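*Asks:* Got a structure here, written out as structure tokens. Questions coming.
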Amino acid sequence: MKCTSLLLAVGAACGFAGLLRAEPAPLEFNRDVRSILSENCFACHGFDEAAREADLRLDVAESALADRGGYAAIVPGDLEASEVWLRISSDDESLVMPPVDSHRELSAEQREILRRWIAEGAKYEKHWSFIPPVKAVLPEVSQPAWVRNEIDRFVMARLDAEGLKPSPEADRRMLVRRLYFDLTGLPPSAEEVEAFVNDDSPDAYERLVDRLLASPHYGERMALEWLDAARYSDTNGYSIDGGRHMWLWRDWVIHAFNTNKPYDEFLVEQLAGDLLPDRTEAQLIASGFQRNNMVTHEGGTIPEENLANYNIDRVKTLGEAVLGLTLGCAQCHDHKYDPITQRDYYRLFAYFNTLSDQGLDGNFGVNPKPFIEAKTVLPTGELPELESRMAEIRRELGNPEKDAVEAWVEKQREALARRGKDMELHSADLLKVSTPNAGSGFDIEDGKFVRIAGAGGLVAYDVSMRLPETEKPITGVRVVFHPDEKAPGGGWGFGKLPDPPNGSPGLRPGVAPRKGDASTDGSRPPGEAGGYKSSEKGTFVLTSFSASAESVPGDQVNLNLLRDARRVTADTWREEYRPEGVLDTGTSGWSPELSHDGPVHITVTFAEPIDPAKTPFLTTQVNFGIHAPLVAARFEFLALTGEDDGSELPADLIPLVEKPADQRSADEQRRVERYFAAHSEATKRLRIELANLEERKKVLTEKFTTMVMDESPNPRETFILERGNYAAPTEKVTAGTPEVLPPPPEGAPANRLGLALWIAQPSHPLTARVAVNRFWKTLFGSGLVRTAADFGNQGAWPSHPELLDWLAVDFVESSWD
């Protein structure tokens, strides 16, 4: 699908769009008349029988020219005998067409076109896009030396007809930029521009085109239009826009363009890859094309209605992305503008109504069935470079510069010297606890504690409180979680967390271990949990925490005080659930080390202190995120004045930081260096880069789920739905194609594979036209048919119909590539 003939025309500065004709040309029904009638008349006098007035159709000659008992709507060559002309030229509001209450009105120019057309004989034509394209003879032109390819001949012929001359050729700097943006979506470097400008070889342009076509970025650029047409997304849509994973299908599309997969195969594999004989894993991935529809798992929705909506989306996408038809307009009734019946619509619907997909699915981060596990098809060749850079970063993190380590140590000493200065803790009076949604099983105890009765399904709790009257500004808030006899093992909550596996630093990237190291990030050795097992002691994970200071309880007019929190500390934590995890909205969070006894606390220092005299109320949201079973049992809030007495450092690391460097043992120094590498601001950039590289390697080497198509063992029956209502089935129908278009190939199965073979047959009048028009739009900004998703009566007339058809036929003759 390289469309080389189009690419060779990128450099031409062709003025072929939106040109005015020097003198009126003979009228053509498709080009000049159809759009006027479609816009103003077909809604009442068109294909839709249910909406048709006076039993008159103006979209076909048989009805428009028929004798209607002494008169006719249109009499070719006779304006005075043509009721249409008498109506559209009338000044009588009770007779004029379109009717006044339709809020449509013909312009003087449109009336003149209709007048000329009737006077010239009112010749009708079959709609242009339903006629198979024909490869026109290349036109003769006035400047054959200007012509470099077939496209140029059509452009020059049009310029000749308009009495215009070609624009000057783009200079080389502009040309190289056009090529890069058009073919890769990226700008050239200064060096690349200069290399092309200074390359005076006669084939410099062609060689640059070939090089850009071979770039992996070519597939990314060309895939964009298709991804948009296919409604690609890695979220599910609707109000609960949970995540899903369709990027393996996206990679397949990119790879298809990069490997020049023939377009007929491109369509067949996406529409029916799962039904192909000896299907490959890649072909299964391709079938995800029609799984890009929105899905939902929201409570209160009706599965049967959702299933109907999913297939409605698929028919709409098939029409607009592949056929260039607004098939969705026939969901509730016959199409008002195009010859597509409601029966045609539901016969296409039937092709997709045989999946095993469920009507209520798509939870956060989970792909709805059916899906497979597979690797990406992109052969990027990145792995050696990735692994080399990862090893380099690990070496750098594993051997930090001594000066950088000691500079960090000095900052830690300064922070330790400040901690607890003038600190006081003040109890806050709780006023209300609630959840964003109605719920129960939680309450306020003794005006001081939030008590949660069990894990349940609630994860977020809004707590309003009155701040104590303090002389000093309130600098932060501490949340204290108490052991509770009602929690498992008398712990702090109702959940269980496994100990981290040996050698694992948890959720955050660490550094490469040295020989003999028990841990990679300065924490205590993995698995060391004070003798406790996760099954013996209930715990929790606080995934996020926010607070707003208010003058009125629940007002929440101030910004989140924690958005720029200065510090977050705790008296204990598991290394994979560190205190700072509460400040993001991901799946990380804070959880205490199981070996700790008694109450545990986390303290957040605000970016700016608050004055309780001005804002005496605080509303917080304590969120246990996706860890619904990992909720706490009993906790309280304390207001902080002065400096927090906590530290971001683990307790057993503090003595090592306070000890002079020359007094630390070799093991102690390595411990400090490891912690510096894993957590300091100085190494953050490297840690992020390493995490990104590890993620990229995972994407390239591991399997992930992706949604695919399948055939259910018990396929659903399909009925025409009255007004598109899933609950109002009428006539039963089987899979089939619209009658206005050619039939499927002989022997094609009555399933999605048959549908795909019908679409991909060379004689189909729409498939190749729609494809080359999309390629043209990608390269030139606007298609030869401006309405790329609508080649029907409401769509635009091609700016260059002969060129469009020549390209479509040439595309098929070139094996669809």
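The values are calculated or read from the model by the stated rules, or taken from the named source; none is laboratory data. What you are looking at is a predicted structure, and each value in this text was computed from that prediction instead of being measured. Methodologically, a virtual Cβ is constructed for each residue, glycine included, from the backbone with ideal geometry; neighbour enumeration extends over all protein chains shown. Ligands, DNA and RNA are excluded from the accessible area calculation, which covers all protein heavy atoms including side chains. Shrake-Rupley method; radii C 1.70, N 1.55, O 1.52, S 1.80 Å.
*Asks:* I'd like the residue in the range 699-719 that is farther than 22 Å from E269 by Cβ and assigned to a strand (DSSP E or B) and, out of all such residues, is most open to solvent (accessible area, probe 1.4 Å).
*Replies:* Step by step, filter the range 699-719, then rank; the result is F719.
*Asks:* Here's something else I'd like to know. If I filter the range 205-248 down to residues being among the aliphatic types (A, V, I, L, M) and in a loop (DSSP other than H, G, I, E, B), which single residue comes out as farthest from K369 (Cα to Cα)?
*Replies:* Out of the qualifying residues, it is A214.
*Asks:* Considering the range 140-171 alone, what residues qualify as being outside any helix (DSSP H, G or I) and either open to solvent by less than 30 Å² (accessible area, probe 1.4 Å) or closer than 27 Å to F196 by Cα (or both)?
*Replies:* V141, V147, R148, N149, P166, S167, P168, E169, A170, D171
*Asks:* Of all residues in the range 431-471 being open to solvent by 90 Å² or more (accessible area, probe 1.4 Å) and closer than 18 Å to A547 by Cβ, which is modelled with the highest pLDDT?
*Replies:* The qualifying residue modelled with the highest pLDDT is R466.
*Asks:* Hey, another quick one. On the given criteria, is F775 in contact (Cβ under 8 Å) with a residue 24 or more places away in the chain and outside any helix (DSSP H, G or I)? Steps first, please.
*Replies:* Details: in contact (Cβ under 8 Å) with a residue 24 or more places away in the chain: yes; outside any helix (DSSP H, G or I): no.
Against the criterion (in contact (Cβ under 8 Å) with a residue 24 or more places away in the chain and outside any helix (DSSP H, G or I)), F775 does not qualify.
*Asks:* For the range 651-667, enumerate the residues that are surrounded by fewer than 16 Cβ atoms within 10 Å (Cβ to Cβ) and in a helix (DSSP H, G or I).
*Replies:* Selection gives I654, P655, E658, A661, D662, Q663, A666, D667.
*Asks:* Would you confirm, using the coordinates I've provided, whether T641 is surrounded by 18 or more Cβ atoms within 10 Å (Cβ to Cβ), touching a residue at least 12 places away in the same chain (Cβ under 8 Å), over 21 Å from E406 (Cβ atoms) and not charged (D, E, K, R)?
*Replies:* When the stated conditions are applied, T641 passes them.
*Asks:* Which members of the range 408-418 meet the condition of being in contact (Cβ under 8 Å) with a residue 24 or more places away in the chain and either farther than 19 Å from V568 by Cβ or open to solvent by 90 Å² or more (accessible area, probe 1.4 Å) (or both)? Show your work before the answer.
*Replies:* Within the range 408-418, the subset in contact (Cβ under 8 Å) with a residue 24 or more places away in the chain is 408-409, 412-413, 415-416, 418.
Correct list: V409, R413, R418.
*Asks:* Turning to a different aspect of this structure: Just give me the residues in the range 599-641 being at negative phi and among the small types (G, A, S), in sequence order.
*Replies:* A607, A613, A628, A632, A633, A639, listed by residue number.
*Asks:* Among the residues in the range 389-411, are any under 30 Å from the mean Cα position of the chain (by Cα) and assigned to a strand (DSSP E or B)?
*Replies:* Scanning the range 389-411, I find no residue that is under 30 Å from the mean Cα position of the chain (by Cα) and assigned to a strand (DSSP E or B), so the answer is no.
*Asks:* For S464, state whether it is in a strand (DSSP E or B) and more than 26 Å from H596 (Cβ to Cβ).
*Replies:* yes
*Asks:* Could you check how many residues of the range 194-213 are β-branched (V, I, T) and more than 33 Å from the chain's Cα centre (by Cα)?
*Replies:* At the first step, the residues of the range 194-213 found to be β-branched (V, I, T) are 197, 209.
Checking which are more than 33 Å from the chain's Cα centre (by Cα) leaves us with 197.
Of the residues in that region, 1 qualify.
*Asks:* Among the candidates E648, E695, single out the residue that is open to solvent by 20 Å² or more (accessible area, probe 1.4 Å) and under 27 Å from I474 (Cβ atoms).
*Replies:* E648
*Asks:* Are any residues in the range 727-742 closer than 25 Å to N306 by Cβ and either of a type in the set (K, R) or buried (at least 17 other Cβ atoms within 10 Å of the Cβ) (or both), and if so, which ones? Outline the logic, then answer.
*Replies:* So the first thing to find is which residues in the range 727-742 are closer than 25 Å to N306 by Cβ, and the list is 727-736.
Correct list: K732, V733, A735, G736.
*Asks:* For the range 761-808, which residues satisfy the criterion of being under 26 Å from E220 (Cα atoms) and in contact with a Lys or Arg (Cβ under 7 Å, 6 or more places away or on another chain)?
*Replies:* Hits for the range 761-808 are G783, A788, L804, A808.
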